[in-house]
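Attaching a single structure in structure tokens format; questions to follow.
The values are calculated or read from the model by the stated rules, or taken from the named source; none is laboratory data. Quick caveat, the model's predicted, so the values are computed rather than measured. Glycine gets a Cβ as well: all are built from the backbone with ideal geometry, and neighbour counts include every protein chain shown.
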Amino acid sequence: MRVLFIGGTGIISSACSPLAVQSGIELFLLNRGKSTRPTPKGAKILEGDIRDPESVKRAIGSMDFDAVVDWIAFTPEHIQTDIELFRGQTGQFVFISSASAYQTPPSSLPVTESTVLDNPFWEYSRNKIACEELLVKAYRDEKFPATIVRPSHTYDRTLLPFDHGWTVVDRMRKGKPVVVHGDGTSLWVLTHHTDFAAAFVPLLGNPHAVGDAFHITSDEWLNWNQIYDEVARAAGTKAIKVHIASDELARQDPGWGPGLLGDKAHSMVFDNSKIKRIVPGWNAKVPFARGADEIIAWYEADASRQVVNAEQDRLEDQLVAWASK
């Protein structure tokens, strides 16, 4: 197969790209050549900027693809550009949406692909929903061969699972309290990017995936207290947790609020039966305990990665002080 990734070196796609090559796919990456992650051996680079359609036309010329995956489409305008660029030149177009597009908070759990899409809290999610709606219309009107994939909190060794990143680990190691939203008991799913890739790559060129939508997540459900404790364990320390209502956190820090109220504040777990039917034998294999060890090891391998954000540190101090009144 000949496959084009628009992007291909991000947190999720950096696991999908090498696996695609290992699977015998002739992989092309369309990007600007500025990624900090290495290009997988065997992939071919097409230099172009998807936000500059003329540069893409020059890069791909008359090439046809069995599948095109856009890892960096976030608005309906991005999708409209994709449709115009790849109409008639691909057998499948894969849009990377987001599981945050599902009803938030969900009326029932676990979430399935038929759960309504509705997120009143987060513009990012509403834009993803609008992208999906445009693709569904294009499939119905002209049979544009769309496949929709919805990841949920997929990570690699570079990504800590909370908003303030290494600043939180630094506070833990200094014995300072860390802020946890709500009472810390809402359920969450963290998916290692290699597990995502193992389910995603078999969708490429798969005719049963065209005109359909899938989410790909781990089956391990953890609450946020457990997530903080796992990271603390991996860092050789303990998490002194201070719980603050998510609404209050959003009020005191508007920058934190939309992604919190529109995603992490609510229990969100998934039924993966659909992806398992189309990719027989697939199961997520990496528990977050192992993932947390990988993350801390990556940060400790280079002290320059251990960046403490002074503003975020002060914010957590202020929130802890507010909670203790």
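Of Ile11, Ile60, Ile50, Ile45, which residue is over 17 Å from Gly88 (Cα atoms), over 22 Å from the mean Cα position of the chain (by Cα) and β-branched (Val, Ile, Thr)?
Ile45 is the lone residue from the list that is over 17 Å from Gly88 (Cα atoms), over 22 Å from the mean Cα position of the chain (by Cα) and β-branched (Val, Ile, Thr).
Matching residues to (1) touching a Ser or Thr at 6+ places or on another chain (Cβ under 6 Å); (2) over 21 Å from Ala199 (Cβ atoms); (3) at pLDDT 95 or above; (4) part of a strand (DSSP E or B):
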{"residue": "Val3", "(1), (2), (3), (4)": "no, no, yes, yes"}
{"residue": "Gly10", "(1), (2), (3), (4)": "no, no, no, no"}
{"residue": "Ser17", "(1), (2), (3), (4)": "no, no, yes, no"}
{"residue": "Ala20", "(1), (2), (3), (4)": "no, no, yes, no"}
{"residue": "Gly24", "(1), (2), (3), (4)": "no, no, yes, no"}
{"residue": "Leu29", "(1), (2), (3), (4)": "no, no, yes, yes"}
{"residue": "Gly33", "(1), (2), (3), (4)": "no, yes, no, no"}
{"residue": "Thr36", "(1), (2), (3), (4)": "no, yes, no, no"}
{"residue": "Pro40", "(1), (2), (3), (4)": "yes, no, no, no"}
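Just the residues that are in contact (Cβ under 8 Å) with a residue 24 or more places away in the chain and under 30 Å from Val116 (Cα atoms), please, taken from segment 277-325.
Ile278, Val279, Trp282, Asn283, Ala284, Lys285, Val286, Pro287, Phe288
So is His208 in contact (Cβ under 8 Å) with a residue 12 or more places away in the chain, part of a loop (DSSP other than H, G, I, E, B), closer than 24 Å to Ser98 by Cα and of a type outside the set (Lys, Arg) or not?
It is false that His208 is in contact (Cβ under 8 Å) with a residue 12 or more places away in the chain, part of a loop (DSSP other than H, G, I, E, B), closer than 24 Å to Ser98 by Cα and of a type outside the set (Lys, Arg).
Residues are listed down the side, and each one gets a yes or a no for (1) surrounded by fewer than 18 Cβ atoms within 10 Å (Cβ to Cβ); (2) farther than 23 Å from Val308 by Cα:
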site: Ala130; (1), (2): yes, yes
site: Lys137; (1), (2): yes, yes
site: Val149; (1), (2): no, yes
site: Asp156; (1), (2): no, no
site: Val189; (1), (2): no, yes
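Mind checking which helices (runs of 4 or more DSSP H) fall wholly inside segment 219-293 and carry at least 2 residues that are surrounded by fewer than 15 Cβ atoms within 10 Å (Cβ to Cβ)?
246-252, 273-278
Residue-wise test of (1) out of contact with any Asp or Glu (no Cβ under 9 Å at 6 or more places or on another chain); (2) more than 24 Å from Ser97 (Cβ to Cβ); (3) among the polar types (S, T, N, Q).
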position: Tyr228; (1), (2), (3): yes, yes, no
position: Gly257; (1), (2), (3): no, no, no
position: Leu260; (1), (2), (3): no, no, no
position: Asp263; (1), (2), (3): yes, no, no
position: His266; (1), (2), (3): yes, no, no
position: Ile296; (1), (2), (3): yes, yes, no
position: Tyr299; (1), (2), (3): yes, yes, no
position: Leu315; (1), (2), (3): no, yes, no
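Right, another one. Applying the selection to segment 120-173, what residues are within 30 Å of Ala232 (Cα to Cα), under 17 Å from the mean Cα position of the chain (by Cα) and of a type in the set (Lys, Arg)?
Arg150, Arg157
Residues in segment 154-163: is at least one modelled with pLDDT of 95 or more and not in a loop (DSSP other than H, G, I, E, B)?
Yes, some residue in segment 154-163 is modelled with pLDDT of 95 or more and not in a loop (DSSP other than H, G, I, E, B).
Among the residues that make up segment 301-321, is at least one of them more than 25 Å from the chain's Cα centre (by Cα) and of a type in the set (Val, Ile, Thr)?
Looking for residues that are more than 25 Å from the chain's Cα centre (by Cα) and of a type in the set (Val, Ile, Thr), one finds at least one in segment 301-321, hence yes.
Yes or no, residue by residue, for (1) polar (S, T, N, Q); (2) closer than 19 Å to Arg171 by Cβ; (3) at pLDDT 95 or above:
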site	(1), (2), (3)
Pro254	no, no, no
Gly259	no, no, no
Lys276	no, no, yes
Asn283	yes, no, yes
Phe288	no, no, yes
Gly291	no, no, yes
Asp317	no, yes, yes
Val320	no, yes, yes
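Considering only segment 44-136, give the strands (runs of 3 or more DSSP E) lying wholly within it that have at least 3 residues that are free of Cβ contacts under 8 Å to residues at least 24 places away in the same chain.
The qualifying strands (runs of 3 or more DSSP E) are 44-47.
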